[in-house]
Amino acid sequence: MARARRLSIAVITLTLLAGGASRLSARVFEGRMAYRSGDYATARAEFSADTEQGPVARFFLALMQLRGEGVPRDERQGLALLHDSAAAGYAAAQYLLGLSYLYGHGVNRDRARAAKLLASAAAGGDYRAVAYLALLKQGSRGERRDRAAMLAAVKRAAARHNAVAEQTLAFMYLIGDGVPKDFSREVSWYRAAARDGDGAAAFILALMHYYGEGMPRDSAEAARLMKIAATAGHVRAQFFLGTFYYHGQGVKQDRRQAAAWIGKAAARGYAEAQYAYGLLLLSGDGVPVDKVKAMEWLGRAARQGEEGARDALQELVALRGGGGGSGALPLNAPLTPPAVRNGNGSGETGPRLEGKGVVLDSGEFSLKFSLPDLTDAYAAPSTTPGTDNFWNRFQGGKFEIIYRPGK
């Protein structure tokens, strides 16, 4: 990997809603807006531009392939995308794939596999799957009658203020599953679900208000709904709410609250939150400085594939070995941070704490890395070619190479 590419840190986490990663998330929302309006060409382009190919983007691409919406119908390609999305845990994909196995659409019928997929979808908050599992206990009466019974069951549960059913019915109005696509009904059911405590619905509405998806942008309302979702335990909402508090978007800026919410999401395994929380601990931004724990959180995020955390750890251990060598940590090397030395004079090499930074000895050279404020790490990318890399982001007293001749 080229040095500039290896050292670059994507603009993510605490500028998620205004920076690089927000562009990835925005692709999905732009795709949803285009899909809702029937502009399938734009929808396909936006979902395909989601370079991480998340499960939501893959689901909508699969749906368009299976239905022939804006593209020639391609059941094989659609099912391949659907399998990927379902394997990544997206409930809507698990539901649709479960029906494929139940009725033999493009695959051999497999009732056991269908039931397993529907159970996963039900656990993930898709009430259509809940209804189908109940129907299967009574015995299938054929696809057409089963689908009609499913729709009736979802509507009955939604009318009884079942929040999961309300959120599911909103999604059905988005994609036109058994009901016509209808944005006003979609939003009204999301609002009903949010009022009844559904975190996923509150999260979706919060993003709609933040991005202005079909409604005026309103950061205060976005923050209010995001807090409802976060309090209900929605892990992504906890992370997003942390970013709101960090930047003062829709709420009064509060770095301690930001760290608290990001820490909650990190503790539940959300990789971007682990990366951000590691940097907060490293810099003492909203939390007391704890460089040992910071490296632990960066390691957890890196093991989940978070490239920014991997880059940070690579640079923390880049100068290792004798003779002043500066070889980078190989991408396949273990990502568990080395033991931190506390300046006990033992002569061992490896990182140690010193002031506000982490120092790594390497023969005649030492590398001192410190991060006083996350804003520096997540500044907007430079427009000057060749200057937007890790090293340049940490200049100005934040990154030093110490030379000790004769050591």
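Taken together, the values in this text are just the output of simple stated rules run on the coordinates, not laboratory data. None of the values given here were measured: they were computed from a predicted structure. Note that we place each Cβ from the backbone using ideal geometry, even for glycine, and neighbour counts take in every protein chain shown.
Annotation: extensible slack from Lys293 through Ala119 equals 58.9 nm (criterion: 0.36 nm per residue apart, minus Cα-Cα distance).
Rank the residues Glu306, Glu143 as a footprinting-exposure proxy: fewest other Cβ atoms within 10 Å of their Cβ go first.
Details: Glu306 24, Glu143 13.
With the fewest neighbours first, Glu306, Glu143 line up as Glu143, Glu306.
Kindly flag which residue pairs out of Lys227/Lys252; Lys227/Lys291; Lys252/Lys291 have an alpha-carbon separation exceeding 18 Å in this structure. Write out the running numbers ahead of the final one.
Working: Lys227/Lys252 13 Å; Lys227/Lys291 29 Å; Lys252/Lys291 28 Å.
Violating the 18 Å limit, Cα to Cα: Lys227/Lys291; Lys252/Lys291.
Exposure proxy for Met172, Met295: other Cβ atoms within 10 Å of each Cβ, ordered fewest to most, give Met295, Met172.
Suppose the chain between Ala152 and Ala45 were pulled fully straight at 0.36 nm per residue; how much longer would it get relative to their current alpha carbon spacing? Could you put the intermediate results ahead of the total?
On the way: separation 107, 0.36 × 107 = 38.52 nm, distance 3.46 nm.
Additional length available on full extension: 35.1 nm.
Each label was represented as a point 7 Å from its Cα along the Cα-to-Cβ direction; for Glu143 and Ala220 these points are 5.1 nm apart.
Report, in debye and to the nearest 20, how large the dipole of the range 52-92 comes out about its Cα centre when Lys and Arg carry +1 and Asp and Glu carry -1 on their Cβ. Could the numbers behind the result be given before it?
Values: 4 positive and 5 negative charges, 19 e Å.
For this selection, approximately 80 debye.
Projecting the Cα positions of Gly214, Tyr246, Tyr190 onto the charge dipole of the range 170-268 (unit charges on Cβ atoms of Lys, Arg, Asp and Glu, taken about the Cα centre) puts Tyr246 furthest along the positive direction.
Fewest-first ordering of Arg113, Arg236 by other beta carbons within 10 Å of each residue's beta carbon gives Arg113, Arg236.
Determine the relative contact order of the range 220-265: mean sequence separation of Cα pairs under 8 Å and six or more apart, normalised by residue count, in whole percent. The normalised contact order for the range 220-265 reaches 36 percent.
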